[in-house]
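*Asks:* Structure incoming, see below.
The values are calculated or read from the model by the stated rules, or taken from the named source; none is laboratory data. In this text the structure is predicted, and so the values were computed from the model without any measurement. Note that each Cβ is placed from the backbone with ideal geometry, even for glycine, and that neighbours are counted across all protein chains shown. Please note that ligands, DNA and RNA were not included when accessible areas were found on the heavy atoms of the full protein model with its side chains. Shrake-Rupley method; radii C 1.70, N 1.55, O 1.52, S 1.80 Å.
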There are 2 protein chains.
Amino acid sequence: MSNPTAAFLVIGDEILSGRTREANVNYLAVELSGAGIDLSEVRIVPDEHDRIVAALNELRSRYDHVFTSGGIGPTHDDITADAVAAAFGVEISVREDARALLESRSAARHIQINDARLRMARIPDGASLIVVDSSAAPGFSIQNVHVMAGVPSIFTEMVDRVLPTLAAGAPTVSRELRFDVGEGRIADQLRGLAAEFPELAFGSYPFFSEGVYGTNIVVRGTDPDLVELGFARVRQLRDATPGAGGAAYR
Amino acid sequence: MSNPTAAFLVIGDEILSGRTREANVNYLAVELSGAGIDLSEVRIVPDEHDRIVAALNELRSRYDHVFTSGGIGPTHDDITADAVAAAFGVEISVREDARALLESRSAARHIQINDARLRMARIPDGASLIVVDSSAAPGFSIQNVHVMAGVPSIFTEMVDRVLPTLAAGAPTVSRELRFDVGEGRIADQLRGLAAEFPELAFGSYPFFSEGVYGTNIVVRGTDPDLVELGFARVRQLRDATPGAGGAAYR
């Protein structure tokens, strides 16, 4: 049985222009991996209605879950909620529970609600709210699409809120070993291991650090015993490769 | 006249599994912005032949340029060059200039060429090499696709090598101002500015720092005079907004 799949759609001119470094992919990737959901694709698109709608419709039909970040604030460039409604072909309007939440949270922060802020209570029909402490405005889930804020402190809290509600798969287990030789030295043997253990992924990640051309080998899989078996073979390979067992192990 | 467009295809299981933080998007985004090429989309896909081929063919038909990172090393999970050849429907084999380069660079580093390492000299027919000091193995360009290493130190050098060879557009100019009020307070006025200056992008990026809910407003455009004009209006807006001009300006 294979794990559920997911895509992450990052909505953000600021990432594409280079103004801001994307900061949420890694958190989502790690959390999904732990929940046994395979992150299969990430897309970053600009704040343009048609682009968001097209990407949403493609990704939500292809994967079990789609997570989005960005574009749910009060300003003119926050158009994600409307794009989601358009993608699903549903209406969008200010919803009373979202408005009540926004008003009580704003009052506690001595912030007055105006028309712009009220936009954050506009929720597509049929969605359920994602309510977190770190934000007055909620995110929302509609069918298999989970719409979250781009600000990392809020994004992470929304992920933590949503993930336990999803059907989990088998968490991915990984083991990693550092070789103090270039990956070309061990590539043939790794290819053999990958062929011998088709259920495992053997990743090879070269690095250059303090004068050493080295390679980190990562063994990943959903069966912990099998991962240990494959990893034991990687350790044997290192022991058998002259110079591979440098000073620093991890 | 609008600027050339580009997409960035990141090939990497290690990003999607959460093992590695993506580290090249921001560098490419900043450099393209400076060269007047609009980065319009980023995709991250796994090390799977069919996925890479499909993404390449979609992106290269849609954008003026496609940059890729990752998957050009010597190991079994390095399948980018073959996928690029398949996407273009051309042959791929060890090319003599790439082999000579690999051999001389490897000799200088006291590394022996084996079959696995020789894979790095396999280049799709019709491509031109991207040769850099930081890597024995070259990247390559074929038509509008530029294939580069994923290791950031090599990636950046390859970008620096390729960019001057591309037709440049009008570089994007940006100015930024910090408001020490939430974005909801100024959203209506920003919407007005965005409508008044359709050639400019007004980005609004909320932050929470040292107890302050604030907003950074970014004005971007390719006409420097127009950007200054729009920015002057943003400065006026801050002067007219009580509490917006906090202690820290930038």
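*Asks:* Report whether or not A:GLY18 is at the interface with chain B (Cβ under 8 Å from one of its Cβ atoms) and open to solvent by 10 Å² or more (accessible area, probe 1.4 Å). Steps first, please.
*Replies:* Values: at the interface with chain B (Cβ under 8 Å from one of its Cβ atoms): yes; open to solvent by 10 Å² or more (accessible area, probe 1.4 Å): yes.
Yes: the conditions hold for A:GLY18.
*Asks:* Is one or more of the residues making up segment A:101-115 more than 14 Å from every other protein chain (Cβ to nearest Cβ), of a type in the set (Val, Ile, Thr) and either on the phi < 0 side of the Ramachandran plot or in contact with a helix residue (DSSP H, G or I) (Cβ under 6 Å, 6 or more places away or on another chain) (or both)? Explain how you work it out, then say what you get.
*Replies:* Taking segment A:101-115 as the starting set, the residues that turn out to be more than 14 Å from every other protein chain (Cβ to nearest Cβ) are A:101, A:104.
Now drop any that are not of a type in the set (Val, Ile, Thr), which leaves none.
The answer is no; no qualifying residue exists.
*Asks:* Taking the condition more than 9 Å from chain A (Cβ to nearest Cβ), open to solvent by less than 30 Å² (accessible area, probe 1.4 Å) and either within 23 Å of A:GLY184 (Cβ to Cβ) or of a type in the set (S, T, N, Q) (or both), does B:PHE140 pass?
*Replies:* Numbers: more than 9 Å from chain A (Cβ to nearest Cβ): yes; open to solvent by less than 30 Å² (accessible area, probe 1.4 Å): yes; either within 23 Å of A:GLY184 (Cβ to Cβ) or of a type in the set (S, T, N, Q) (or both): yes.
Against the criterion (more than 9 Å from chain A (Cβ to nearest Cβ), open to solvent by less than 30 Å² (accessible area, probe 1.4 Å) and either within 23 Å of A:GLY184 (Cβ to Cβ) or of a type in the set (S, T, N, Q) (or both)), B:PHE140 qualifies.
*Asks:* Further, regarding this structure: So A:PHE207 clears everything in (1) open to solvent by less than 20 Å² (accessible area, probe 1.4 Å); (2) free of Cβ contacts under 8 Å to residues at least 24 places away in the same chain except one condition, right? Which one?
*Replies:* Condition not satisfied by A:PHE207: (1).
*Asks:* While we're on this one: List every residue pair whose Cβ atoms sit under 8 Å apart, with the two residues 6 or more apart in sequence or on different chains, where the first one lies in segment A:73-97 and is touching a residue at least 60 places away in the same chain (Cβ under 8 Å) and among the acidic types (Asp, Glu) and the second, anywhere, is in a loop (DSSP other than H, G, I, E, B) and crowded, with 17+ Cβ neighbours inside 10 Å.
*Replies:* What qualifies is A:ASP77/A:ASP47; A:ASP77/A:GLY71.
*Asks:* Within segment A:1-13, take every residue that is modelled with pLDDT under 95 and open to solvent by 10 Å² or more (accessible area, probe 1.4 Å) and give me the one that is farthest from the other protein chains (Cβ to nearest Cβ).
*Replies:* A:MET1
*Asks:* Where residues in segment B:152-174 are open to solvent by 30 Å² or more (accessible area, probe 1.4 Å) and part of a helix (DSSP H, G or I), which of them is nearest to B:ASP64 (Cα to Cα)?
*Replies:* Looking at the filtered set, the residue picked out is B:THR165.
*Asks:* Among (1) within 27 Å of B:PRO224 (Cα to Cα); (2) more than 7 Å from chain A (Cβ to nearest Cβ), which single condition is B:ASN24 missing?
*Replies:* Only one criterion in (1) within 27 Å of B:PRO224 (Cα to Cα); (2) more than 7 Å from chain A (Cβ to nearest Cβ) is unmet by B:ASN24, namely (1).
*Asks:* Please enumerate the residues belonging to segment A:39-58 that are surrounded by 21 or more Cβ atoms within 10 Å (Cβ to Cβ) and at the interface with chain B (Cβ under 8 Å from one of its Cβ atoms). Don't jump to the end; show me each part of the working.
*Replies:* First, the residues of segment A:39-58 that are surrounded by 21 or more Cβ atoms within 10 Å (Cβ to Cβ): A:39-45, A:47, A:52, A:55-56.
Matches in segment A:39-58: A:LEU39, A:SER40, A:GLU41, A:VAL42, A:ARG43, A:ILE44, A:VAL45.
*Asks:* Here is a list of conditions, (1) within 12 Å of chain A (Cβ to nearest Cβ); (2) open to solvent by 30 Å² or more (accessible area, probe 1.4 Å); (3) of a type outside the set (Val, Ile, Thr), and B:ASP82 meets all of them except one; can you say which number that is?
*Replies:* Here B:ASP82 clears every test but (1).
*Asks:* Which of the residues that make up segment A:1-33 are within 20 Å of B:VAL30 (Cα to Cα) and not in a helix (DSSP H, G or I)? Before you say what the answer is, go through the steps one by one.
*Replies:* Taking segment A:1-33 as the starting set, the residues that turn out to be within 20 Å of B:VAL30 (Cα to Cα) are A:10-25.
A:VAL10, A:ILE11, A:GLY12, A:SER17, A:GLY18, A:ARG19, A:THR20, A:ARG21, A:GLU22, A:ALA23, A:ASN24 - these are the residues of segment A:1-33 that are within 20 Å of B:VAL30 (Cα to Cα) and not in a helix (DSSP H, G or I).
*Asks:* Separate question: Just checking, which of A:LEU177, A:LEU226, A:LEU190 is at the interface with chain B (Cβ under 9 Å from one of its Cβ atoms) and either part of a helix (DSSP H, G or I) or at pLDDT 95 or above (or both)?
*Replies:* On the way: A:LEU177 fails: at the interface with chain B (Cβ under 9 Å from one of its Cβ atoms); A:LEU226 fails: at the interface with chain B (Cβ under 9 Å from one of its Cβ atoms).
Only one candidate qualifies: A:LEU190.
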